[in-house]
Each structure stands twice: as C-alpha cells, then as structure tokens.
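Bear in mind these aren't lab numbers, they're just calculated from the coordinates by the rules spelled out. Remember, it's a predicted structure, so these values are computed and weren't measured experimentally. Reconstructed Cβ throughout: ideal geometry from the backbone, glycine too, with neighbour counts over all protein chains shown.
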Amino acid sequence: MNPHHDALFIGGEWVAPRSTARITVIGSSTEEVLGSVPDGNEQDVDAAVAAARAAFDDPTGWSSWEPGRRADALYRLAEALEKRAAEITRAVSAQNGMTITLAQGIEGGLPGVLLRYYADLVRDGSGEEVRQAMTGGLTRIRKEPIGVVAAIVPWNAPQLLSATKYAPGLAAGCTFVLKPSPETVLDAVLFAEAVDEAGLPPGVVNVVPAGRQVGAYLVAHPGVDKVAFTGSTAAGRQIAAACGALLRPVTLELGGKSAAIVLDDADLGIAIGEQFVNATLLANGQACFASTRVLAPRSRYDEVVDAVSTVVGGLTVGDPLDPNTQVGPMASARQRSRVEGYIAKGRSDGARLIVGGSRPAGLDRGFYVEPTVFADVDNADMIAREEIFGPVLSIVAYDDVDDAIRIANDSEYGLGGSVWTDDEERGLEVARRIRTGTIGINHYTVDPASPFGGVKASGMGREFGPEALLNYQQLKSIYL
Ligand code: NAD
C-alpha cells in the first residue's frame, strides 16, 4: 500500500483536494508516521454532497434501480472489500491498536457479511405493500430511499461502523458521503478503492476524510437528507441539536458505561474467562458497549475480585499486529492520556487498585496502558460514571439482585451489558429489567441480524437487523 495518498474519492473519481492540508496518521504501537491523506475541507464536502445528490436524483440512477440490481452491486463491493481484507485489517490494527485477530473478524470480515445480508434482504422485495384501507379502497405503501446520507464514524472500529450505515443504506437506495475520523483514514482509502473497483455508479459513495469542524459542516449541509453518526455522546448532542433545528432525521450511536452483573450463583471458574474479557475489555477497552462496571455480590465479593484480577492480570499486552496479543495500545497519545487521567482519578477517589494502573514494562514505544482493575469502587465515583474508553474495569459491590439492577440502571448511559450466571432463566429475568439497548447472558456478542443501539445518553435508533433498513427509508402512502 502506498501510505501517502493525494486524491479524494468523489463522484466516482480520484480528484485533487481543494486545499493542501493533510491528515497524518501516527502508528499506535510505533509512534511513527504510517501515512497521510488530504484533509478534506468545506469545498470538498460541497463536491461530495453534490455528487451524492446528483447520483440520488438521477431518475434512472441508483435509487431507481430494481433492488436485485443494487443487491448485485453490493455483492461486488463485498468481494472487492474481501480482496483487500488483509490490507484493511493491518491498516486498522496499526492505526488504532485493535488486535489483528479481532480486526480480521470485525474490520476485515463483517463489512462483507453485512453487505450480503442487506443485499439479500432487499433483493426480492418490491418495497411496496398494498393494504386494505379502513375507509374502503386500498392503500399502496411504499418504502422509498431517504436520500443523501452523511455518515460520520469514529476511529475505534472504522470499517465496521461505516458498514453498519452504508450496507443497509445502499441496499435501500440511498447515496453516501462518508467522513472517517482523522485517526483512521488509511483504511478509508482502501474502502474507497473497493467502491471504485466494484463499479458502483459515480457519486453513490464518496469519502471525505476530515476533522470535526468539517464534519459539522457536512451534518448541516443543505444537500444532505439524513445523518448517521457513531461517536461520543458530546458530539452526538451537537449533531442532534443541528439536526433538530433542520428537522433532519438522524441516528446516533454514542457512548456507554455498561454493567457486567455477576450473579451469586455464577461458577466463577467458567464465568470469568475469555467471554468475560470479550464483554468487558474488547478492542483494548475502546468499545462503546464494553461492560466496564463489574457488579459483584457482597456475599462473594472477594472471590469475584480475585477471579477478575487473575484473568485481567494474565492478559498479554503488546504489538497489535502480533496474533498472540490480547490487548494492544490506545489509538493515540491523546486517548492514552485520557485513560491515564481516569486511572489517576480512580486512585485519588480512593478506589483500590488491584491490577495494572501504569504503562507496561518493556513497551517503550506505542500508546500502551496496562489492563487495570479497581475494586471497592462506588457507583457514584467518576470512574464508574464516565466512559473511559480504555482497559479499565471498576468492581462495585451490591447487596441483592434488586440492588444490582438499581446500580446497573443508575447510569447516564444504556448501550450494552451482561449477566453472568449458572441459570439462564434467572439471567433473562435480570436482563429484562436493565435499561439498555443490548445485553448478553454469559457472553456479549453483537449480532448482525439483531438490532443494536442505545437508550438514554447512548443514542437514538438501531443499527443491524432488518430494522436498520428503516433508518434509510421513508414511508409513503398512496391512497387508491
Ligand atoms: P468523536 O465523537 O470525537 O468523533 C467521532 C466522529 O465524529 C469523528 O469522525 C469526528 O471527526 C466527528 N465529529 C466530532 N464532533 C463532530 C461534530 N460536532 N459534528 C460532526 N462530526 C463530528 O468520538 P471518537 O473519540 O472518535 O470515538 C469514540 C466515541 O465513539 C466513544 O464515546 C464511543 O463510545 C463512541 N462509539 C459508539 C459506538 C456505538 O455504536 N454506540 C460505537 C463505537 C464508538
């Protein structure tokens, strides 16, 4: 891969950027320059929106195609992405520190899975249903594509989080302007190359790497019909406000501070293992749904603390490109200092540091932080309330199941969660009472066919599943 790119993918062509500004990406494990791309500005966004607008408004274009024809194009895009999967995986891993093993699955593999899933969902449908009207006669109900979508994604899982938007959106007949985060722009170029190779009509997908200011410009652009955002709650509030003023539909996948509720019947030898690590520390803790508040019954508190510290203390930290690594570095120096700030705050608030808390020995380069566990955390402490977005777990004691549920729900957020128990029925009863968009019993694995998203400050709307198609469709009733 040529790590320095000079063009932007707009209107189906590689065009010169309007400014000379560039985004340079620093490797999370090397602290060396990995590559650079043009830093898109407002005029680049204007061009990209105009291209997406023209592609959408073309009366014989993408949005008017038979769904089967669009589905074939999505299959071609899946193939083009899969051809580049190894390169994409390495690029993501080197940029944001995600372990190569995880990146192969979710960044290299899942986008193709999602494209085929949504292609198959729409392939044979007409997008129309005829319903008996209560007033007599019939109503023809049409699902029409919503239009030009501004898709804005973060750096922690850039390919997957782009695919959760463009896969249903393209299947529905929308066109896209994708704005990746400055930390992960090199994989975005590979994505654009795949779009180019797949032969999607010009302007159906446009990619403009840029920072938040240009992102805000894109959100409010008059040529945009819908905004699909994944990122922090702070940015989500600003985007929601802008979309509110414009009455522009928006889906928001935001932050989280989910709870892992260990019930008193759990066999800790089984419960606190690989699945628990996946649920609590996936992607080096840089996962929005991570269950980073571990709720432990007072009757077995010390046992839970021991089990969690043994498992977390035994994780292999190192080069994200090494398949043996279990925890890689933070994505950036800024992200590491944010995580270290929370660790210092946990200490000064009186939480008991059980594991980690420092930079790992022997790793002098790269934005590494030791996987860290605090015990005796009060749910009111800052480390239990705010999203850290790093490998830091807080263990909070509870008295009984009602108390556990109260603590789990005592959060600004509601995105993920997990229950650890020997009795699935009991786990289900607890899961039903948690105010969250998703929750797992004895594991937490996001599933492409099941809706994913948050409540409260974790966002609005759902991605994944057939439900996600509705994010990109308008309903029209034609009374016959
Ligand atoms: P961020 O909000 O700082 O940035 C996300 C993206 O939005 C970037 O592309 C950024 O350039 C852009 N942006 C920022 N402010 C903007 C604005 N006002 N208008 C338009 N665009 C703007 O988040 P981040 O630090 O890149 O990512 C980490 C956050 O993302 C965490 O809070 C995490 O929980 C969240 N996240 C949520 C999910 C989910 O599905 N709920 C998934 C992954 C990450």
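At a glance:
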| quantity | calculated |
| --- | --- |
| Assigned charges on the beta-carbon of Lys, Arg, Asp, Glu; the chain dipole about Cα centre (debye) | 1380 |
| Convex hull per residue volume in Å³, alpha carbons only, for the stretch 191-322 | 186 |
| Charge dipole (the stretch 392-480, unit charges on Cβ, about Cα centre) - positive-most of F464, T436, Q474 | Q474 |
| Gain in span if fully extended, Q43 to A333, counting 0.36 nm per residue against the direct Cα distance | 101.4 nm |
| Sequence-separation-based contact order of the chain, relative, with Cα cut under 8 Å and 6+ spacing, percent | 18 |
| Whether the stretch 148-227 is rounded, prolate or oblate, judged on the alpha carbon gyration tensor where a/c under 1.5 counts as rounded | oblate |
| Cross-link partners of K456 among lysines (Cα-Cα below 19 Å; sequence separation of 8 or more within a chain) | K257 |
| Percent of C-alpha pairs per 5 Å bin, the stretch 259-447, short to long | 1, 8, 18, 22, 21, 15, 8, 4, 1, 0 |
| Rule-of-thumb Rg ratio for the stretch 65-218 [Cα; 2.2 N^0.38 Å; N residues] | 1.16 |
| Under 5 Å, built H, 5+ apart or other chain: amide partners of G440 | G417, S418, V419 |
| The chain: antiparallel DSSP beta bridges as a percent of all, rounded to 5 | 45 |
| Packing-based exposure ordering (other Cβ within 10 Å, fewest first) of W155, W420, W14 | W14, W155, W420 |
| Test item: Cα-centred dipole of the stretch 259-447, Lys/Arg +1 and Asp/Glu -1 on Cβ, debye | 900 |
| Dmax and Rg, reported as Rg then Dmax, of the chain (C-alpha, Å) | 22.8, 77 |
| Among P320, A351, A266 - extreme Cα towards positive end, dipole of the stretch 259-447, charges at beta-carbon | P320 |
| Sequence-distant lysines (8 or more away, or on other chains) whose Cα lies within less than 24 Å of K143 | K165, K226, K476 |
| Loop-located GluC sites (Glu not before Pro) in the stretch 1-106, at most 15 other Cβ atoms within 10 Å (DSSP) | E31, E32 |
| Taking the C-alpha atoms of the stretch 213-271, convex hull volume expressed per residue in Å³ | 122 |
| Burial ordering of M134, M382, fewest other beta-carbon atoms within 10 Å first | M134, M382 |
| Per-residue Cβ neighbour rank within 10 angstrom, fewest leading, L295, L34, L77 | L34, L295, L77 |
| Charge sum, other residues only, whose C-beta stays under 11 Å from V15's C-beta, Lys/Arg counted +1 and Asp/Glu -1 | -2 |
| Cα-centre dipole for the stretch 307-379 with unit charges at Cβ (Lys and Arg positive, Asp and Glu negative), debye to 20 | 220 |
| Sparsely packed GluC sites (Glu not before Pro) within the stretch 428-480, loop by DSSP, other Cβ within 10 Å at most 13 | none |
| Diffusion constant of the stretch 1-156 at 37 °C, which comes from Stokes-Einstein with the Kirkwood Cα-pair radius and 0.692 mPa s, µm²/s | 175 |
| Structure-based [θ]222 nm, the chain - -39500 (n - 2.57) summed over DSSP H runs of at least 4, per residue, nearest 500 | -11000 deg cm²/dmol |
